[in-house]
Amino acid sequence: MRIFWKIFLGLTVLGVLGACAAVGFVAYAFWHFGRELPEHEQLAEYAPAVVTRVHAGDGQLLAEYARQRRLFVPIQSTPERVINAFLAAEDGGFYDHIGVDFRAVARAVVQNLRNIGTGRRPVGASTITQQVAKNFLLTNEVSYERKIKEAILALRIEKAFDKNHILELYLNEIYLGQGAYGVASAALTYFDKPLNELTVAEAAFLAALPKAPSNYDPFRHHKRAVTRRDWVIGRMAILGKISEEAAEEARAEPLEARRGRDVDFVKADWFAEEVRRELANRFGDDGLYDGGLSVQTTMDPHMQRIVRDALREGLTLYDRRHGYRGPLTRLPTMDNWPTRLASVNAPAGMPDDWQLATVLEVGRNGAELGLIDRTRVKLPLERLAWTGKPLKNGLVGPAPSAASDLLAVGDVVLIGPDTEDPDKPQLRQMPRIDGGAVALDPHTGRVLALVGGFAYERSQFNRATQAARQPGSAFKPFVYAAALEHGFTPASLVLDAPFVIDQGGGQGKWKPSNYSNRFYGPSTLRLGIEKSRNLMTVRLAQKVGMDVISDYSERFRIYDRLPQTLANALGSSEVTLIKLTAAYGMLVNGGRAIRPTIIDQVQDRRGLTIFRHESRQCGTCLVSEWAQQPEPVLPDERARVVDTTTAYQMVSMLEGVVIRGTGARIAQVGKPLAGKTGTSNESKDAWFIGFSPDLVVGVFTGFDNPEPLGRRETGSSVAAPIFQTIMAEALAEQPGLPFRVPEQVRLVRIDSRTGTAARAGDEKVIWEAFAAGTDPNPRDAPALIGSSLDNSASDGTLQGSIPLRIPERRAVGAKATDGVY
């Protein structure tokens, strides 16, 4: 008996010593391996990299930016069946353990002892918390040392965070194959569904993937994937997450994974790139590519398509007017020509409805072309009438008298549908000219459409926002607006006559001229803008003062600091299209400042608005129902640029440009429109900027390396047709609304030639807009501006006095109250 007690005592001592040793070993291990572990507190602020999605104004997807394709879903928004599936597959005791499941660890130890010498991979017993520790804070190294570190971190994480936060991190971070990070992205990738539409079987399949996504790839290992999915379904039933009946039903459901369909993006590359730049500037690259932002842009996809197609067609038509430059290349032999044709690289940015073709036969009256798919098309001689050889100065040689004069067998050319008859193929070529176009809301500055060139694939340079070019006469309205606020009226007379100025410094004399090289004598301001008279504009700018003109250009945000030289009154200082288009918007909106914007609002990954273009607050807008209460009235916080009357006078004068002036072709649209052409020196740049009451559109055309557009090519012939096409389609379904006339404006019948009040028998009578007190006295003739100028000064300034009369206020004229005149 005594021996028994000795043995028992010895064993007890050994047990205590062993326990102490074990505790000591564990303590040492925690100390040793826990010394240099990463700080787990960073998980409190951890935000997984999530896709930023950019949407058009109607909600269509415009672009996505991401380093990892992940969609973040808060745990409270994650369906219960998805959570249950992952818990069943990965950690059935997640809500019960303290970060490490010691029973599972014991089972794994026993199993690994049995596997010694078998070459099998060690069995793990990682909890979800341990996987979070590994995925966020450690590496994928397979070693006992990493497992110990993983366990230590898991215990620390469990003490610092609640279970739901840990689970949220896990479900949004885990990689599930096919480039999908997180369960939301995987649901779209494998089933093209949002999380809340997944069935139990589909959720179980996703939960089967974490262990080895490639092993259970349903596209390559479908049977293996079904087996693993069914195992997860069984685990869900064992844990009581679903009934046995539901489990059987889920197992019977076929695994019909399908690759996520290609998302339909709105085709607007230049617009999307401008959005990307602005987001990067505002939120940084990390915010853009990892922030999971939801961006609502201002773009109207319908308007974007109209502007893109109109610009592309307008540039093509100009290019056709200047001849055919020849085939792309020539096949070395016609043996197996379809294969050889398919090997030819199409020009970058070739429109989708154009095709490569090769000449199979050619004669006097036409040619037969072959397409890659072996289709043959006829190209008769009459469709080649535009293909004269390009000559110098924009001239074109005669049309070919025979198709064989132009084409040869083996030539590789482009063909596309005819604009008027799509069933008739036409010879095509990529235009050398390029340009840009922008459409925006003049009341808010919201950019509805933005196109930076013929094809983004050909050149990413944005000619609507980045190209600074001379606007020419498109700048004149701001000279005239300044004049209207410095004593002039639309009926004031200015002398259209030779003008010479000594520039000083040995630079010689500056002799501006009208486009026609003619002089027209005394003319009204209205006629000067309608006919785009350069000499009148220079005289007007000299009288008003270039310091005033410069100030107005800054008010309209066209230039930051315009050099005060008279040549700049004719638009010789470079500007971007979007700035000038926005400035025109400030005229039609009644003289209020706007700033072009492409982003309406930005929300973070949790749906909180972190940027909004509309800064005004409206506390009474958010109501559950309307009970006949007054509509909310928001304050107009836009700064005033010019007086409302001045703004309308300019609108009226620019409407005259369309009715009687250089933009007369625009009148074919049949809606109230206004605008101005612009052509720079040597016709290197051609512009048209104009508007309806609620839409402003700007068009610029020119070569990237400036060169003359050709004889008789101006803003009227190149840019205006593009503007016309845009407006005709954009306003096709809208009523022809007249421009809004401010109540303080007086509309008076005048003689358009003399600017005097109309008398009985006058023929060329128009309604003219006057500020109160400035309408003409029928008894007086208006003063002539510029009649006493002495242009011989040697110091570069104009000398002499210019008589100016401000008409006395009279109660004469028709006051517009309904906007119709």
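The values are calculated or read from the model by the stated rules, or taken from the named source; none is laboratory data. Since this is a predicted model, take the numbers as computed values, not measurements. For neighbour counting, all protein chains shown are included, and Cβ atoms are generated from backbone atoms with ideal geometry for every residue, glycine included. Remember, those area values only see protein heavy atoms, side chains included, never the ligands or the DNA or RNA. Shrake-Rupley method; radii C 1.70, N 1.55, O 1.52, S 1.80 Å.
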Next on the checklist: I need every pair where a residue in region 159-181 that is in contact (Cβ under 8 Å) with a residue 40 or more places away in the chain and closer than 18 Å to Ala66 by Cβ has its Cβ under 7 Å from the Cβ of a residue that is among the basic types (Lys, Arg) and open to solvent by 10 Å² or more (accessible area, probe 1.4 Å), sequence separation at least 6 or different chains.
Outcome noted: Gly179/Arg69; Ala180/Arg69; Tyr181/Arg69
Checklist entry - When you go through Arg595, Arg616, Arg561, Arg557 one by one, which is the residue that is charged (D, E, K, R) and in contact (Cβ under 8 Å) with a residue 60 or more places away in the chain? => result Arg595
Item to check | Of the criteria (1) open to solvent by less than 10 Å² (accessible area, probe 1.4 Å); (2) part of a loop (DSSP other than H, G, I, E, B); (3) over 23 Å from Pro301 (Cβ atoms), which one Asp373 fails | outcome: (1)
Next on the checklist: If I ask for residues that are over 42 Å from the mean Cα position of the chain (by Cα) and modelled with pLDDT of 90 or more, which ones from region 492-516 would you list?
Outcome noted: Ser492, Leu493, Val494, Leu495, Asp496, Ala497, Pro498, Phe499, Val500, Lys511
Next on the checklist: Name the single residue that is nearest to Leu695 (Cα to Cα) among those in region 282-312 being in a helix (DSSP H, G or I) and in contact with a Pro (Cβ under 9 Å, 6 or more places away or on another chain).
Outcome noted: Ala310
Checklist entry - Which one of these is within 36 Å of the chain's Cα centre (by Cα) and in contact (Cβ under 8 Å) with a residue 24 or more places away in the chain: Lys424, Lys389? => result Lys424
Item to check | Residues that are free of Cβ contacts under 8 Å to residues at least 12 places away in the same chain and either outside any loop (DSSP other than H, G, I, E, B) or open to solvent by less than 70 Å² (accessible area, probe 1.4 Å) (or both), drawn from region 599-609 | outcome: Thr609
Checklist outcome for this item: Checked against (1) part of a helix (DSSP H, G or I); (2) surrounded by fewer than 24 Cβ atoms within 10 Å (Cβ to Cβ); (3) touching a Ser or Thr at 6+ places or on another chain (Cβ under 9 Å), Arg220 satisfies every condition except (1)
Next on the checklist: Within region 395-405, take every residue that is modelled with pLDDT of 90 or more and open to solvent by 40 Å² or more (accessible area, probe 1.4 Å) and give me the one that is nearest to the chain's Cα centre (by Cα).
Outcome noted: Val396
Checklist entry - Taking the stated definitions as given, is Asp643 surrounded by 14 or more Cβ atoms within 10 Å (Cβ to Cβ), touching a residue at least 40 places away in the same chain (Cβ under 8 Å), acidic (Asp, Glu) and in contact with a helix residue (DSSP H, G or I) (Cβ under 8 Å, 6 or more places away or on another chain)? => result no
Checklist outcome for this item: Scanning region 379-394 residue by residue, the ones that are out of contact with any Pro (no Cβ under 8 Å at 6 or more places or on another chain) and loosely packed, with under 15 Cβ neighbours inside 10 Å total 5
Checklist entry - Restricting the search to region 622-649, which residues are of a type in the set (Val, Ile, Thr) and more than 23 Å from Ile529 (Cα to Cα)? => result Val623, Val633
Next on the checklist: Residue under question is Arg526, and the condition is that it be of a type in the set (D, E, K, R) and either assigned to a helix (DSSP H, G or I) or open to solvent by less than 10 Å² (accessible area, probe 1.4 Å) (or both); does it hold?
Outcome noted: yes
Checklist outcome for this item: Just one listed residue, out of Ser516, Ser573, Ser550, Ser615, is outside any loop (DSSP other than H, G, I, E, B), surrounded by fewer than 24 Cβ atoms within 10 Å (Cβ to Cβ) and small (Gly, Ala, Ser), and it is Ser550
Next on the checklist: Looking only at region 684-731, how many residues end up being within 18 Å of Arg320 (Cα to Cα) and of a type in the set (Gly, Ala, Ser)?
Outcome noted: 8
Checklist entry - Going by the conditions given, is Phe72 open to solvent by less than 20 Å² (accessible area, probe 1.4 Å), modelled with pLDDT of 70 or more and of a type outside the set (A, V, I, L, M)? => result no
Next on the checklist: I need the full set of residues from region 332-373 which are hydroxyl-bearing (Ser, Thr, Tyr) and either touching a helix residue (DSSP H, G or I) at 6+ places or on another chain (Cβ under 8 Å) or within 17 Å of Leu384 (Cα to Cα) (or both), in order please.
Outcome noted: Thr333, Thr358
Item to check | From Glu249, Glu274, Glu256, residue being exposed (fewer than 15 other Cβ atoms within 10 Å of the Cβ) and not polar (S, T, N, Q) | outcome: Glu256
Checklist entry - In the set Leu427, Leu495, which member is crowded, with 16+ Cβ neighbours inside 10 Å and more than 27 Å from Val651 (Cβ to Cβ)? => result Leu427
Checklist outcome for this item: Checking Leu317, Leu328 in turn, the sole residue that is in contact with a helix residue (DSSP H, G or I) (Cβ under 8 Å, 6 or more places away or on another chain), under 30 Å from Ala408 (Cα atoms) and open to solvent by 40 Å² or more (accessible area, probe 1.4 Å) turns out to be Leu317
Next on the checklist: Given the condition among the basic types (Lys, Arg), modelled with pLDDT of 65 or more and open to solvent by 90 Å² or more (accessible area, probe 1.4 Å), answer yes or no: does some residue in region 733-749 qualify?
Outcome noted: yes
Checklist entry - So, in region 343-370, of the ones that are within 40 Å of the chain's Cα centre (by Cα) and of a type in the set (D, E, K, R), which residue ends up surrounded by the fewest Cβ atoms within 10 Å (Cβ to Cβ)? => result Asp352
Checklist outcome for this item: With criteria (1) in a strand (DSSP E or B); (2) hydroxyl-bearing (Ser, Thr, Tyr); (3) closer than 27 Å to Asp434 by Cα, Ser459 comes up short on (1)
Next on the checklist: Quick check on region 182-213: of everything there that is within 33 Å of the chain's Cα centre (by Cα) and hydroxyl-bearing (Ser, Thr, Tyr), which residue is nearest to Arg69 (Cα to Cα)?
Outcome noted: Ser185
Checklist entry - For region 180-189, does any single residue satisfy the condition of being crowded, with 22+ Cβ neighbours inside 10 Å and assigned to a loop (DSSP other than H, G, I, E, B)? => result yes
